[in-house]
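The values are calculated or read from the model by the stated rules, or taken from the named source; none is laboratory data. These numbers come from a predicted model, not from an experiment. Because the Cβ atoms are built from the backbone with ideal geometry, glycine has one as well, and the counts that use them run over all protein chains shown. Keep in mind that these areas ignore ligands, DNA and RNA; they rest on the heavy atoms of the full protein, side chains included. Shrake-Rupley method; radii C 1.70, N 1.55, O 1.52, S 1.80 Å.
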Amino acid sequence: MSVHRIIIDTDPGLDDAAAILMALASPEIEVLGLSVVAGNVPLQDALINACKIVGLSGRTDVPVHGGAAGPLVRDRVLGKYAGIGAFDDRLVPAGQIRPAEENAVRFIVRLAREAARTGDPVTICAIGPMTNIALALVQHPDVARGIGRIVLMGGAFAAMGHRTPWAEFNVYADPHAADVVLRSGVPIVMMPLDVTFKTLFTREHFEAFRRGGAAGQALSNLFTTFDRSDTARFGRPGGPIHDATTIAWLLRPDLFKGEDVHVGVELMGVTMGHTYADFHNKLGRQSNATVITDVDQAGFTKLLIERIGRHGGARSQPMPEA
Ligand code: RIB
Ligand code: CA
């Protein structure tokens, strides 16, 4: 079995928590560490949340590094649910994990350089605003040689934006960082709202998370307490777990469909953070990303629930239908 060696760059965040726990339960993935960024919540709260989630998994070997407290250029914006702040101890018990001394950007640079030296590039799963990654690439362009691929949750193409009518949050929160990543030459797989909105999770699924021991119960507590279901918007019950699509793609790329296209991002004005793709290559530019446009919803749902279940020793059990 080939193992993906990954850094998770994250702004936890409920769906980040699902992605992190999914990765930590998967033997196909070696989580080298978390680099944390402000986004859903301010940096200090994101750090507390990241430490709590890793602590719940029992993976004391996985370091959590604090990074950027705000974007490269624009004003800082936080997620719609920023009020959640640090996860309440009654929902997610505090653990023993504390942030590492090393800054997240230094951590990314150090690991990417080691990877370049050993010829074993790392994968970065970018599931928050991409400020840490952009800083590493801008300050030390050589690190691109040690990053084999960036699998990012971000952008919106045929789907409307949800933070503004034209922009998805991770890109909107730091469009200049997204632009640096898109221009970096590092192979990119993008999970935009077009695909993350296709799979909706309901209370039945959150209940199934509870098979995953303390970690699964905490995840279920979070999704039940801060339920994102929006039947008016989606026309059916449930809400998305955006970030878990990046881990699911690493585990089962066959569950997804995508196209290699040239992608750009708007950096100013009312459409700041809007991502656009030349799906028919009208301009003849080289593609810089594989944009994922479709997913096997039942397969993704089953995979996420099964992996969360592993935190409680659960093995494959009958899954709720998607
Ligand atoms: O737009 C969804 C993204 O923004 C997710 O990564 C969510 O956690 C927030 O970071
Ligand atoms: Ca996130």
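The table for this structure:
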item: All helices (runs of 4 or more DSSP H) inside the stretch 202-241 with 3 or more residues being out of contact with any Lys or Arg (no Cβ under 9 Å at 6 or more places or on another chain) and touching a residue at least 60 places away in the same chain (Cβ under 8 Å); result: 203-209, 213-225
item: Residues of the stretch 1-45 classified as of a type outside the set (A, V, I, L, M) and in a helix (DSSP H, G or I), total; result: 4
item: Count of the stretch 59-71 residues which are over 13 Å from Ala104 (Cβ atoms) and either touching a residue at least 24 places away in the same chain (Cβ under 8 Å) or of a type in the set (A, V, I, L, M) (or both); result: 5
item: Residue within the stretch 101-110 that is in contact with a Lys or Arg (Cβ under 8 Å, 6 or more places away or on another chain) and either open to solvent by less than 10 Å² (accessible area, probe 1.4 Å) or charged (D, E, K, R) (or both) present; result: yes
item: Matching residues in the stretch 219-241 - criterion: being out of contact with any Gly (no Cβ under 9 Å at 6 or more places or on another chain) and either of a type in the set (Val, Ile, Thr) or open to solvent by less than 50 Å² (accessible area, probe 1.4 Å) (or both); result: Asn221, Leu222, Thr224, Thr225, Phe234, Gly238, Gly239, Pro240, Ile241
item: Residue check for Ile308: assigned to a strand (DSSP E or B) and buried (at least 19 other Cβ atoms within 10 Å of the Cβ); result: no
item: Check on Phe107, modelled with pLDDT of 95 or more, of a type in the set (Phe, Trp, Tyr) and not in a loop (DSSP other than H, G, I, E, B); result: yes
item: Which numbered condition Glu114 misses (of (1) out of contact with any strand residue (DSSP E or B) (no Cβ under 9 Å at 6 or more places or on another chain); (2) surrounded by fewer than 17 Cβ atoms within 10 Å (Cβ to Cβ); (3) outside any loop (DSSP other than H, G, I, E, B)); result: (1)
item: Of all residues in the stretch 187-199 being part of a loop (DSSP other than H, G, I, E, B) and open to solvent by 10 Å² or more (accessible area, probe 1.4 Å), the one that is nearest to ligand 2 (Cβ to nearest atom); result: Phe197
item: Residues of the stretch 1-48 classified as touching a Leu at 6+ places or on another chain (Cβ under 9 Å), polar (S, T, N, Q) and crowded, with 24+ Cβ neighbours inside 10 Å, total; result: 2
item: In the stretch 117-137, the residues that are among the aliphatic types (A, V, I, L, M) and open to solvent by 20 Å² or more (accessible area, probe 1.4 Å); result: Leu135
item: Pairs, first without any contact (Cβ under 8 Å) to a residue 12 or more places away in the chain in the stretch 120-133, second buried (at least 24 other Cβ atoms within 10 Å of the Cβ) and not aromatic (Phe, Trp, Tyr), C-beta under 8 Å, six or more apart; result: none
item: Any chance Gly284 is open to solvent by less than 10 Å² (accessible area, probe 1.4 Å) and either under 23 Å from Pro165 (Cβ atoms) or more than 16 Å from ligand 1 (Cβ to nearest atom) (or both); result: no
item: Residue that is nearest to ligand 2 (Cβ to nearest atom), among those in the stretch 141-175 that are buried (at least 19 other Cβ atoms within 10 Å of the Cβ) and over 18 Å from Pro240 (Cβ atoms); result: Asp174
item: Those residues of the stretch 1-53 which are of a type in the set (Val, Ile, Thr) and near ligand 1 (Cβ under 10 Å from one of its atoms), in sequence order; result: Thr10, Val37, Val41
